[in-house]
1. Using a 1.4 Å probe and counting only protein heavy atoms, how much accessible surface gets buried when B and A come together, both sides summed, in Å² to the nearest 100?
2. Hydropathy first: keep DSSP H helices in chain A averaging at least -0.5 on Kyte-Doolittle, then drop any whose Cα extent along the axis falls short of 15 Å, and list what survives.
3. Could you give the distance between the Cα centres of segment A:100-146 and segment A:215-265, to the whole Å?
4. Protein chains only, probe 1.4 Å: how do A:LYS133, A:LYS487 rank by accessible area, largest first?
5. Explain nothing, just the number: relative contact order of segment A:89-245, from Cα pairs under 8 Å at least 6 residues apart, as a whole percent.
6. Per q in 0.07, 0.08, 0.11 1/Å, what log10 I(q)/I(0) does a Debye calculation on the alpha-carbon atoms of chain A return?
7. Using Cα pairs closer than 8 Å and at least 6 residues apart in sequence, work out the relative contact order for chain A, in percent.
8. Ordering A:ILE225, A:ILE333 from largest to smallest accessible area (1.4 angstrom probe), what's the sequence?
Amino acid sequence: MKFDAGRCSDAYEKLEPEADRLLPENLEDFLVELRARTGNSDDLVVQMHSVAGCQLAVVMFEGQISNQQVSQLLLGPLGRLELPEEKGGSQGVMNWLRSGSLLASDQKEARTLDEVLAFAMSGFAVVVVDGQKSAVALGYQGFSTRGVGEPSSEVNLRGSREGFCEIITLNVALVRRRIKSGLLTVESLDAGRVSRTKVKLLYLRGAASAGLVRAVRERLRQVDISVVLDSAYLQPFLDGGRFSFFSGAGSTERPDVLCAKLAEGRVGVLVDGTPFALIVPFLFAEHFQTMDDYTHRPYFAAFLRLLRMVSFIATVFLPGYYVAVVTYHPDLIPDLLLSTFVGSVLYTPLPAFWEAVLVFVLYELLREAGLRLPRPIGHAVSIVGGLVIGDAAVTAGLVGLPMVILIALTAVTSFVVPSLYQPVTVLRLLFLVAGGTLGLYGIYLGLGIFLVDLCSLQTLGIPVTAPASPFDRRSMRDLFIRSSWKKLQRSDLRVGDVPGAQKKDDR
Amino acid sequence: MERQGLISPFQLTVLLFLSRLFTIMTYVPAMEGQEKNGLVLLLGLLVSPLAQMALLGLGLLFCRRGRENSHLSFSAAGTGPLRRIVAAGYWLLVGAVCLYSVVGFIRFLAEAFYDSRFLWVLAATFCGAVGFCANRGVEALARASTVLLALTAVGLILLGGGMAGTADPQNFLMPLWDKNLFLQGIWQGVAMNFELMAILLLQSATTQGGLRTGAVWTLLGLCSLLTVGMGLGVTFSLGYYGQGKEYPLFSAAQAARLLFMERLDSAFLGLWILLGLVKVTLFLWLMTQLWGKVLQRPVTGLMTAVHSGGLLAAALLVDAFHGGGWLTRSMTMGWVPVLGVFFLPLVGFSAARHEERKKKA
C-alpha cells in the first residue's frame, strides 16, 4: 500500500480543534453542531426534556458523571419544576438553573461550544436551554479515581503519608489544606491543543516574585503540543532552554514538599491526570534534600545529606576512576590492594574497561526488565540476574570480583538520590568511557566540563548551582547541613534572593 | 552569549587566583644554570611578592577609577580603527598567554604521565573541552571556579600533608648569592603576574559593583603565600634533588604519601588539569570577546569553536617545531606581557584622551 504523506497530514489537520463558536440559540442547531464536533461519539449522552414549556438538553459524557447525583439533584427537580406563566419560558428556566435553586456546588456558565464540550468532558452535566445564548454547567463528577495514598517514589519515615493523586482539584485541595492562607494563589491554564489538559499554577503571593510567576505562565502558554498526559511533558518548557543532563524544574509526589517549596518562593505546577507536581525553579542542591531532613534531628539530617552527596559522587566517578587507575596508573594503587585489583584484571579475558561496560549494561538490563515486568516476575528476574548470572560470571572468570562489587556498590548508591537516577546513569557511563580511554586525565577533564556545564544552567534567571555557587553564606544553614528550626526560623529563605538571580520585579 | 561578564568581584578574585595557581604549580625558576636556580628561586620568591603587590596595586587603582576603565569595555566602545587595533593587540597578548598555557599543559602531561606519541590526543581533547567551557560563558566558569576553589583547597591540604611527611630540615640550605641569577629569579616571579594583571584590566568592568580592594589584596597575599609555601615545601621535601627537576612540585608530590595514598601525584594531576581548564578557558573566552570587538560583531559559538581549533593547531605547531622553550622564555622573561600590560594601555589611554579632547573642543 502506497503511503500518502499528503493524505496523512490532512488527517492530522482534522485532529486540530476547530475555531470556537458561540452557542446557537436554536437547540436543534446546537445539537447538530455538537454531534458534528464530536463525530457523533458514542459516549456523548444528550437527554432531551421539556420543562415549563420549553425544550432543553442535558449534555454529558458517559463515565464522567455520577448518574445518581444527576438523577437526584438535576433531573428530579427539573421534572417537578413548575413556573408561573409570567416567569416561565426559556428565560425563566434559565434563571431557575442559574440562581433559583441549588443544583450543584460547582456551577459554571458556558457561552461557546468549546466550553460546553470542555465542561462535559470534565464531569459536568451541561444544560442547554432552547432560545438561550448560554448554558449552565453543573459539576457532578463521578468517575472512579485512585484515592490519596502514600507516595511510592518519595517514602519518608515521619510526617505525612499523603501523596498527590490523579485528580487535579483534589491535589489543589491537598495543598490548600496545608496552607490556609489567602496568599496561596491558584491559576488555571489549559495545555495541549487536543487534550486541553487542565494545568494549575500555584504560588504564594509575597514569596514568589511576580516576574517568576509571569515567566512560568508565559512559558506554559507557549506550549504547543497536541496532547499533555503528564507533568513531564511540560518540564522541558520550564527548563533552561538548552540541552543539559540536569533539569531546572523538579517534581514531587508529596503535597507537603510542594508546600515547603511554595513557601520558599517557588511556583508549583499541577497537571490533571498525574500525581507529580512540578516545582520551578529547582536548585541542584535540592536533589539531596528530603522531607525527612526536617523531621529528623539536625545532626542526623546533616549526616544523611552528606551521605547522599558522597553517594552521588561515588556513583558518577567511582567506576571510571577505578578503570582509569587499573588500566593506566596501577602505580597509584597501594601495595595491599595492588595484587587484588591487578590480579582480577589479569585473570579475566576482557580489559577492565570492557569488563566494566559489560557488568554495567548487564545490570541496567536486569533493572529495566525487573521494572517493566509484573512484580512477582520482576523479583525472580532480579534474583536470577543478580545471584545466578553474577555469581556464574565471576566463577567462570568472565568478570573480576572487584568489578562486580564496584558496579553493585555504585548501583546501590545511585538509588540514594532517586531524582538524579537518569543523569547519574548516563554520566557514569560517560566517565567510564573517559577513564577507559584517557585515564585519570579523562576523568578530571570530564569533571571540569561537567562542573562548568552544570554551573551554566539557570532556570528562569536563577542559577541551579546556587547558593553553593554563586555562594551565599546565609543559605549554608540549609544546604550541606540542616540547622535547627530555631536557627531556620530567624529569617525565611527565598529562592529569588539567591545570589546570581536575575531580579525581575517586586513580589 | 547572553549576560556575559556579570560576575561578582569575589568570583573574579577566585578566577584570578586559580589562574595564578596554575602557573605556580609548575614554576620553573630558570632555564639556565639549573644547579643554582632552586636556591635563587627562594630569594626571588621572597622579593617578588613585594613587586607583585606594587604592580597589582597600580592595576587595581586603574580599575577602580571607573567602570569604563577596562580594556575590554574600552575596545567595545566606538568603532575607531585605533580601538580595533588595541583590541587586536590584546587579542594577540591573550592568545600568547593561552598558547603558552596549552603548550605547557600538554607538554607536562606528555612528559609526566602519558606517552608523548599521544600528545595530539591530549591537545585535541583539552582544546575541545576548553572550547566547550568557553562557549558556556564566563559566568558559568566563574561559578564552577568557586567549587573548584574548594576542591583545590582539599588538594593542596593533601599535598601539603603528604609533603610534610617527607620533609627534612637538612634540605634547607642558605642560598648562594649570585647577583645575575637573583635578579633573573625576581623578574621571572614578577613577570608571571603580568598575565594576572591582564585579566584584571580586561575583566574589571564586567564585575557587579566594581572591584573590591580587600579582595585583590587577599588574592595577592594568598598567591604570594602559596608561591613561597610551595617553594619552601619543595625545598624541604626534595632538597638538591628537586633543583634538577623541571617540575619540582610534581616530583615532591610523587615522593609524598599519605595514609591510604601511595603517591600524591594523582592529586597533583587533578589540580593541574582543573586549574589548566579554568585558566585557558578564561583566556580563550577573553580572546573570543576581543575578536568580537575587532570585527565589531557579536560573539558566536562558531567563533569560539574556530578559536579553539586555532589554538589546537598553534599548540601542535609550536610543539612540532620545539618552540615550547622559546615561548616559555618569552613569557617568563616578560617581554610579551610588558607589551600587553604597558604598551597597549598606553595606546588605549592616549586614544581615549585624544577623543575626549576632541569632544571638548
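1. In total, chains B and A hide about 2700 Å² from solvent.
2. Within chain A the helices that satisfy the rule are A:27-38, A:168-178, A:210-221, A:298-328, A:335-346, A:352-372, A:401-414, A:421-438, A:440-456.
3. So the two Cα centres are separated by 30 Å.
4. Ranked list, largest accessible area first: A:LYS133, A:LYS487.
5. Answer for segment A:89-245 is 13 percent.
6. At q = 0.07, 0.08, 0.11 Å⁻¹ the computed log10 ratios are -0.55, -0.69, -1.06.
7. Normalised by residue count, the contact order of chain A is 13 percent.
8. Heavy-atom accessible area, descending, gives A:ILE225, A:ILE333.
The values are calculated or read from the model by the stated rules, or taken from the named source; none is laboratory data. Just so you know, these numbers come straight off a predicted model, no measurement behind them. These accessible areas exclude ligands, DNA and RNA; they are computed on the full protein's heavy atoms, side chains included. Shrake-Rupley method; radii C 1.70, N 1.55, O 1.52, S 1.80 Å.
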